[in-house]
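Down below is the structure, laid out as structure tokens.
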Amino acid sequence: MLQVTDVSLRFGDRKLFEDVNIKFTPGNCYGLIGANGAGKSTFLKILSGELDAQTGNVSMGKDERLAVLKQDHFAYEDEKVLDVVLMGHEKLWEVMKEKNEIYMKPDFSDEDGIRAAELEGEFGEMGGWTAEPDAEELLHGLGIGSQLIDNKMADLETNQKVKVLLAQSLFGNPDVLLLDEPTNGLDIEAIQWLEDFLIGFENTVVVVSHDRNFLNNICTHIADLDYGKIQLYVGNYDFWYQSSQLAQQMAQEQNKKKEEKIKQLKEFVERFSANASKSKQATSRKKMLDKIELDDIQPSSRRYPFVRFSPEREIGNDLLYVNGLTHSFDGEKVLDNVSFTLDPDDKAVLIGSSEIARTTLLRILAGEITPDEGEVRWGVTTSRSYMPKDNSSYFDGVKTDLVDWLRQYAPPEEQTETFLRGFLGRMLFSGEEAKKKANVLSGGEKVRAMLSKMMLSKANVIMLDEPTNHLDLESITAVNNGLKAFKGSIIFTSYDFEFINTIANKVIELKDTGAIVKESTYEEYLKDKGLIRS
């Protein structure tokens, strides 16, 4: 159990937390959510003891062990992969080291023998005899093969190092597990394995993630960090979001009969509770949901950007024809004979093992670069808007404020100060935020600014390269809903399962030679490939 009592923290004049009291109990998985900058990662550092709160304290049960997912991927470059995982249980690792050092002594004394016997006892009590096979099992589950376990960390690729550090945090059955963005850098198979591991984990988990599908699959509770306080809610992310939106609607619509809204809210809780009985978290979540009182559901004070793409004209009969696209960088082919056709109303996701290939294809389709070979032919009725993964060229060195920055992309009738400030306000740049200099915007603010630019274009074809990067859950949800409702066509890349699965109706997988095209949802595509359960 992890107990937080009266914890407060300020940075200068900025209040992050104030008198936070919360108890994280065994058998539950808590999704810690909050807007960018709210202090989620900072709160995890307080829980782990890496950072001291100014008031209050964090406590655990006697002899309980806490494990944290490390973020420094280069911290163990000279260590063997298997050893890095074993280091996750610090006490066991220290016993192993001392024990081995004693046995390696050339002049083994009686005292050494007594100490070695003590250490062997401790070693056995902590599960030392199965430590190495347990560590190997974690690595295999995350996709690190046996051929790599004796390699040094320096020999691994970055995504493999991420998996090793994740295995390190999971090793040894910690009493409390703190995970900050654990799915970053993981492939579909590894994410699915991690979900299964956490669902079967009997101790306490606190996780920060922007992956809504992951939070929905593993969380029994949502811990909502807002205005310096943390409020606990039973259920996963979708339940928190939908119920808080209903409560917000009920609070705002005072002119309607309260009884009608209460009935609607009750029906929602009952419906979600029934669905929970079929989900992975099954019994425990359903029992908790059955006990929910209406007073337990509170409106969220979260602000969501207003994302709506409205094309100026419909697409005609032809959308896009691509034939034989080939392109190289520094003599290395990144696209080789790529061909496909898209029809009006297609919303296509580009997938494949190479990020460079996906980005290069989008840049070619957007007209930023010319292919070495092949043809791209857009329908004459199409108008296109593109958001690159690297948007720095739109902001670097630009010293105008955000209103003037957006004005250059607006049609003449929408270039007034009043219109632009109102538009930016709906994208969460309210008041003085709209007068920020464009070159000092944060990563998330730049993405919201680029989305504003795209909405003003009124294009009927939208191209986006990993658009959820840098966004908080609220903005991701708003963009997701905006793209689902879009009446034009979309070509995009993303790692977000729910984002892809709720938008795409066509999957284009880029291979070493050519492309595979399938009309289906992303989930159906993965099932057909045997990458997720049917």
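Summary of values
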item	result
Two-site FRET efficiency, residue 527 against residue 321, from Cβ-Cβ distance with R₀ of 30 Å, rounded to 0.05	0.55
Gap separating the Cα centres of segment 336-391 and segment 85-120, nearest whole Å	59 Å
Exposure rank, largest accessible area first [405, 93, 129; 1.4 Å]	129, 93, 405
Spin-label pair residue 78/residue 312, simplified geometry with 7 Å Cα→Cβ offset, distance in nm	6.3 nm
330, 238, reordered so the largest accessible area comes first (probe 1.4 Å)	330, 238
Computed accessible area, residue 364, all protein chains, 1.4 angstrom probe, square angstrom	10 Å²
Mean Cα-pair separation over length for segment 117-226, i.e. relative contact order, pairs under 8 Å, 6 or more apart, %	24 percent
In range of the label at residue 11: residues from segment 35-51 whose backbone nitrogen is under 15 Å from the point 7 Å along Cα→Cβ	35-46, 51
Solvent-accessible surface ranking, highest first, for 387, 87 at 1.4 angstrom	87, 387
Length-normalised contact order of segment 1-103 in % [C-alpha pairs under 8 Å, at least 6 apart]	27 percent
Per residue value of the accessible surface for the chain (all protein chains in place, 1.4 Å probe), Å²	48 Å²
Two-site FRET efficiency, residue 188 against residue 330, from Cβ-Cβ distance with R₀ of 25 Å, rounded to 0.05	0.25
Rg(Cα)/(2.2 N^0.38 Å) for segment 12-137, N = residue count	1.43
For segment 443-517: relative contact order, % (alpha-carbon pairs under 8 angstrom, 6 or more apart)	30 percent
Directionally averaged shadow of segment 102-222, computed from the convex hull of its alpha-carbon atoms, nm²	9.6 nm²
Förster radius 22 Å - calculated FRET efficiency between residue 147 and residue 108 (Cβ-Cβ, nearest 0.05)	0.05
Label-point separation, residue 413 to residue 98 (7 Å along Cα→Cβ), nm	7.9 nm
The chain - percent of accessible surface contributed by carbon and sulfur, probe 1.4 Å	46 percent
Contour excess over end-to-end distance, with Cα ends at residue 439 and residue 383 and 0.36 nm allotted per residue	17.4 nm
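The values are calculated or read from the model by the stated rules, or taken from the named source; none is laboratory data. Source: prediction; values computed, not measured. Note that each Cβ is placed from the backbone with ideal geometry, even for glycine, and that neighbours are counted across all protein chains shown. Remember, those area values only see protein heavy atoms, side chains included, never the ligands or the DNA or RNA. Shrake-Rupley method; radii C 1.70, N 1.55, O 1.52, S 1.80 Å.
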